[in-house]
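A short write-up of the structure that comes next.
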Amino acid sequence: MTNAEILINKYNILEKLLNEKFNIEIGREGAVSQISRYPQFRQLKEELEFIRKIRNFLSHKKTGEEYPIQPSNDVIILLDNVISYIDNPPKAYDSCVKIIDVCAATGNELIFPYMKKMKEKVYTHVPILENGVLKGVFSENTLFGALIEDELIYEKDKTTFSDELIAKYSQINNRASECFEFVKKDCLLEDVRELFQQKFEENKRLAMVFITQNGKPQERVLGIITPWDIMSNRR
């Protein structure tokens, strides 16, 4: 079987998949053209259009004639990847930093060692957890707020994350310059990408997205996604 025949067969598989999963009729416009306008697959638009044009060119072959072109192996692999992505879109949890690898603290720990770690590792935020549940997020703004607004008396060997003022300014709903969101474990990565974009358009800085089993703040945190994670997962 030639690559042209393989591509046409796989393209038919793609159209059948779109019909079964999204009830998209193949019809006159074509299922592939329609799915490229779905928000969760917009990052596939160029690939889908590229494959669609090749398939349409090949489909004009008259009976008995040879195909005018033969797609490369890379094109076949591209189509396989597109089919795989649409059939099983990546979940946010698959691309997140698992909580075991997150630089997180508990309330009774001193903030100074974490401040040193933030400087050394260029961390911007430290989640504060109790029994795995998020209680707050420490950042530079946390300390600045406590020092400037409420005149915190900071003691290197005594001030912990549970200090009243540190806890106050660590609350995630007490931030003027940034925000945080929760999503459920089976949330699609593309939905999280849309969430970052939405907040950006609202002139809000989404600092972290926390993943819990059902997307509820009172549940144990399973992982986090930052803007850097989204950038590193661009197609």
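The values are calculated or read from the model by the stated rules, or taken from the named source; none is laboratory data. None of the values given here were measured: they were computed from a predicted structure. Cβ placement follows ideal geometry from the backbone for every residue including glycine, while neighbour counts extend to all protein chains displayed. Side chains are part of the model used for accessible areas, which takes the heavy atoms of the whole protein and leaves out ligands, DNA and RNA. Shrake-Rupley method; radii C 1.70, N 1.55, O 1.52, S 1.80 Å.
Quick look at the numbers
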item: Scan of the stretch 193-235 for residues that are over 25 Å from residue 130 (Cβ atoms) and in contact with a helix residue (DSSP H, G or I) (Cβ under 8 Å, 6 or more places away or on another chain), ordered by number; result: 193, 194, 196, 205, 227, 230, 233, 234, 235
item: Scope the stretch 108-136; condition out of contact with any helix residue (DSSP H, G or I) (no Cβ under 7 Å at 6 or more places or on another chain), under 27 Å from residue 216 (Cα atoms) and in a strand (DSSP E or B); matching residues; result: 125, 127, 129, 130, 133, 134, 135
item: Residue check, residue 48 surrounded by 17 or more Cβ atoms within 10 Å (Cβ to Cβ), touching a Pro at 6+ places or on another chain (Cβ under 7 Å) and not aromatic (Phe, Trp, Tyr); result: no
item: First in the stretch 32-43 and more than 17 Å from residue 12 (Cβ to Cβ), second anywhere and of a type outside the set (Lys, Arg), Cβ under 6 Å, 6 or more apart; result: 36/48; 40/190; 41/35
item: Count of residues meeting criterion [closer than 19 Å to residue 84 by Cα and modelled with pLDDT under 90] in the stretch 53-72; result: 0
item: The lone exception for residue 209 - which of (1) surrounded by fewer than 18 Cβ atoms within 10 Å (Cβ to Cβ); (2) touching a residue at least 12 places away in the same chain (Cβ under 8 Å) it fails; result: (1)
item: Positions within the stretch 107-143 being under 30 Å from residue 215 (Cα atoms) and aromatic (Phe, Trp, Tyr), in sequence order; result: 114, 123, 138
item: Of the criteria (1) within 19 Å of residue 139 (Cβ to Cβ); (2) assigned to a strand (DSSP E or B); (3) within 12 Å of the chain's Cα centre (by Cα), which one residue 180 fails; result: (3)
item: Matching entry among 40, 34 (being of a type outside the set (A, V, I, L, M, F, W, C), at pLDDT below 85, closer than 30 Å to residue 226 by Cα and surrounded by 15 or more Cβ atoms within 10 Å (Cβ to Cβ)); result: 40
item: Residue selected from the stretch 214-227 under the condition open to solvent by 30 Å² or more (accessible area, probe 1.4 Å) and within 16 Å of the chain's Cα centre (by Cα), by the criterion farthest from residue 125 (Cα to Cα); result: 222
item: Yes/no for residue 209 being in a strand (DSSP E or B), more than 18 Å from residue 124 (Cα to Cα) and within 20 Å of the chain's Cα centre (by Cα); result: no
